[in-house]
Amino acid sequence: MPTLAERDHAVLWHPYTQMQTAPLPVPIVRGEGSWLIAENGTRYLDGISSWWVNLHGHAHPHIAERVSEQLRTLEHVLFAGFTHPTAVELAEQLLALLPTNQARVFYSDNGSTAVEVALKMVLQYFHNLGQPERRTFLCFQNSYHGDTFGAMAVSSRGAFTQPFWPLLFDVEFLDVPVPGREQEVLKQLDALLARPDVAGFIFEPLVLGTAGMVMYTPEVLDELVRRCHQHGVLCIADEVMTGFGRTGPLFASELLPREQPDIMCFSKGLTGGTLAMGLTTCAAPIYAAFLSDDKMKALFHGHSYTANPVACAAALASLELTRTEACTQQRQRLAAAHAAFRQEIEGLPGIRQVRHQGTILAVEYDPGEGTSYFSRLRDAFYQLAIDNHVVLRPLGNVVYLLPPYCTTNEELELLYAVLRQMRALVLDFLPAPTLPEYLHD
Ligand SMILES: *Cc1c(COP(=O)(O)O)cnc(C)c1O
């Protein structure tokens, strides 16, 4: 009898995976809190919330309850000409929590589609206003906004998108205004804003995830947005990763001292990591530019599963959990633990930099010579984590923690122990950490 992993290998094609050389996938049959449980009973601590989606732990009973209730009531209905209670309820609740200028909610399927919708809103906004020459987007070097074509176009021209470069529309890249480089980047922006064709600026607020959890301050983002607004350039906050408490507050954009984004994109944590859904919100003037007696000024975008009631129910259930005092305390506890761990290892040999924002911690190791995503170090880090029953996906020499909010202090300690052991791997002298009792085979 072939194993589940062997059957998988015979028929499946996995994302971001060189199928010829990749080891067999780990077959997971159950989830529970921050743990993933394999077919053979081995438990793995999910240190990255299953690609940044999970907030409250796996197979959460409250979300499961609301989802199954919705499945037995209304599983789906087309969303043109029809509506349903969970879509309305979710939009009302979100708008009450988002920056005050956000006025409308547009549903789609995932983070990439949320970004596509945002880009199309910006382009058609200027088209509808009779300024079609405004069609250039600004974005950060090394940014990531998704894998569909528009989203790829506003993302880094990295190795992953190289086969498609000739077909990606032109954008203008700004350097990331990391501490110490703010003035330089503001100058780059000023030069670009002098042009008449700039339409929008899309950014991952405060943390560039795929770039390696690269962080910059709310103050410099506020200034970038302010200068864009002075030139009538629309600002898109891609909160697909940062939304729903990841960076501390409910939304990273809340940390901007004065400005508000014109458009916001959400997915990932939106449903607590249960179901795929995307959502784009916008300020009133953008929505107003699509109102007309002329049908052709409408936003002609939609997906078969737009505003799927089951996904909306999962989002409502997750939001209910996220808004509890208990969840706020969990996030504060994670942030405090990360801060303490940062203090412990910052400045030690083998550590180049430690970055921390809310529930996200990133350790940039110093491997001596230059490394890349494909480096052997990355594979060694990955294997070390798995050997310690921990799921992490290092980005080259950067290893980050982005755990579900329910992760306990004891579980956090296991994650930190692995990060310490990675430093030992880099230095090749520290002793291995001991596994907690309950993980001994
Ligand atoms: C993951 C991500 C996306 C893409 O979302 P998908 O649901 O994977 O399509 C877009 N933007 C950011 C910032 C992301 O982290």
*Sort out which residues of the range 22-76 are out of contact with any strand residue (DSSP E or B) (no Cβ under 8 Å at 6 or more places or on another chain), of a type in the set (G, A, S) and either within 29 Å of L334 (Cα to Cα) or crowded, with 19+ Cβ neighbours inside 10 Å (or both), and write them in order of number.*
G41, S49, A64
*Boolean, A199 is farther than 23 Å from P403 by Cα and either outside any loop (DSSP other than H, G, I, E, B) or touching a strand residue (DSSP E or B) at 6+ places or on another chain (Cβ under 9 Å) (or both)*: yes
*Among the residues of the range 13-69, count how many are more than 16 Å from the ligand (Cβ to nearest atom), within 20 Å of P394 (Cα to Cα) and free of Cβ contacts under 8 Å to residues at least 12 places away in the same chain.*
5
*Assess whether H127 counts as being in contact with a Ser or Thr (Cβ under 7 Å, 6 or more places away or on another chain) and crowded, with 17+ Cβ neighbours inside 10 Å.*
no
_Checking the structure you have, find out if any residue of the range 63-81 is assigned by TED's automatic domain parsing to the domain that holds S155, assigned to a helix (DSSP H, G or I), under 29 Å from P249 (Cα atoms) and of a type in the set (G, A, S)._
no
*strands (runs of 3 or more DSSP E) completely within the range 217-314 that count 1 or more residues being away from the ligand (no atom under 16 Å from the Cβ) and not charged (D, E, K, R)*: 234-238, 278-283
*asked:* Take the conditions charged (D, E, K, R), modelled with pLDDT of 95 or more and surrounded by 19 or more Cβ atoms within 10 Å (Cβ to Cβ) and apply them to E116. Does it pass?
replied: yes
*How about the range 123-165: which of its residues are assigned to a helix (DSSP H, G or I) and within 16 Å of the ligand (Cβ to nearest atom)?*
F149, G150, A151, M152, A153, F160, T161, F164
*Looking at this structure, is Y107 in a loop (DSSP other than H, G, I, E, B), of a type in the set (S, T, Y) and at pLDDT 95 or above?*
no
*asked:* Any residue that is among the β-branched types (V, I, T), more than 16 Å from the ligand (Cβ to nearest atom), closer than 30 Å to L192 by Cα and within 23 Å of the chain's Cα centre (by Cα) - is there at least one of those in the range 77-100?
replied: yes
*Among the numbered criteria (1) surrounded by fewer than 22 Cβ atoms within 10 Å (Cβ to Cβ); (2) more than 15 Å from the ligand (Cβ to nearest atom); (3) over 21 Å from E116 (Cα atoms), which single criterion is violated by A199?*
(3)
*For residues that are among the polar types (S, T, N, Q) and either in contact (Cβ under 8 Å) with a residue 40 or more places away in the chain or at positive phi (or both), scanning just the range 305-327, find the one that is surrounded by the fewest Cβ atoms within 10 Å (Cβ to Cβ).*
T306
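The values are calculated or read from the model by the stated rules, or taken from the named source; none is laboratory data. Owing to the predicted nature of the structure, the values given are computational and were not obtained by experimental measurement. We place every Cβ from the backbone using ideal geometry, glycine too, and count neighbours over all the protein chains shown.
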